[in-house]
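What follows is a short report on a single structure.
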Amino acid sequence: MEIILAENHGFCYGVKRAVEMADEAANSEGKSYTLGPIIHNPQVVGRLESKGVSPIQEVADIDEGTMIIRSHGVGPAIYAEAEEKGLHILDATCPHVKKAQQDAKSVIEDGMTLVILGEKNHPEVKSINLWANNKGIIIEDEESAKKLQIVEKMGVVVQTTFSQFKFNSIIEILEKKSKNLKIFKTICNATQERQNSAVELARNVDLMIVVGGKNSGNTNRLAEVCRDVGCMTHHIETSTE
């Protein structure tokens, strides 16, 4: 049996950066915590926890130490709450997510209708919307796009790990919903490269195996685009699977 690795694979820059920052925090003095899992990979989260970097659910769960903001980002209220408690903030928000947050904020400030393409319950999408005062309309698919009302001005921001193929088809629909459509294509380059490599490989093999967290939007999307081209695809987390 021949096993072929996709040309582009592995953690992206934003995830590597977040994990490295958490590792550095683990090796420093004082207690360190991540607000939610640092990335959507249970094995990495478990390794960090064994080194003393514990995930928490809310700022209220700690009174001192270093709080690491995960790669998915958070809303502005979290920064204010942590600062008020005197916590040391280590911001591991992916730079691409930061850009999406600021783009969403600017759309609202410019008086435009904000549409966010992404998974409604994903922490990254929630953080993007929080920077827009929760005024964004979140849509995940073409059917939702068709139901949108026609508006004078519309700004579109995208979850960084959103499928570029789905993005293209949804934008075609949104172009008919506003004469003044401003698009911020905030899908990161690493996501596009990995999706393109996965699709190219899926078209030429009998079976695709996508390795990554089951709770990861990124790896779920990779499996999705492989299945979309008709290749049998399995999404696994560990070698035992």
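Numerical summary
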item	result
Test: residue in the range 211-220 that is out of contact with any Ser or Thr (no Cβ under 9 Å at 6 or more places or on another chain) and of a type outside the set (Ser, Thr, Tyr)	yes
Boolean, Gly73 is more than 27 Å from Gln159 (Cα to Cα) and either modelled with pLDDT of 90 or more or loosely packed, with under 15 Cβ neighbours inside 10 Å (or both)	no
Test: residue in the range 169-176 that is part of a loop (DSSP other than H, G, I, E, B) and at pLDDT 95 or above	yes
Any pair with Cβ under 7 angstrom, 6 or more apart, that starts in the range 54-71 at a residue that is under 13 Å from Glu83 (Cα atoms) and ends at one that is acidic (Asp, Glu)	Val59/Glu81; Ile69/Asp91
Of all residues making up the range 185-203, the number that are open to solvent by 30 Å² or more (accessible area, probe 1.4 Å) and either in contact (Cβ under 8 Å) with a residue 12 or more places away in the chain or assigned to a strand (DSSP E or B) (or both)	7
The range 213-235 residues that are assigned to a helix (DSSP H, G or I), paired with ones that are crowded, with 20+ Cβ neighbours inside 10 Å and of a type in the set (D, E, K, R) (beta carbon under 7 Å, 6 or more apart)	Leu222/Arg194
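Here's the yes/no breakdown for (1) surrounded by 19 or more Cβ atoms within 10 Å (Cβ to Cβ); (2) more than 12 Å from Lys177 (Cβ to Cβ); (3) under 17 Å from the mean Cα position of the chain (by Cα):
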position	(1), (2), (3)
Ala100	yes, yes, yes
Gly111	no, yes, no
Lys120	no, yes, yes
Glu124	yes, yes, yes
Ile138	yes, yes, yes
Asp141	no, yes, yes
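The values are calculated or read from the model by the stated rules, or taken from the named source; none is laboratory data. Keep in mind it's a predicted model, so treat the numbers as computed, not measured. Virtual Cβ from ideal backbone geometry, glycine too; neighbours counted across all protein chains shown. Just so you know, the surface numbers come from the protein's heavy atoms only, side chains and all, with ligands and any DNA or RNA stripped out. Shrake-Rupley method; radii C 1.70, N 1.55, O 1.52, S 1.80 Å.
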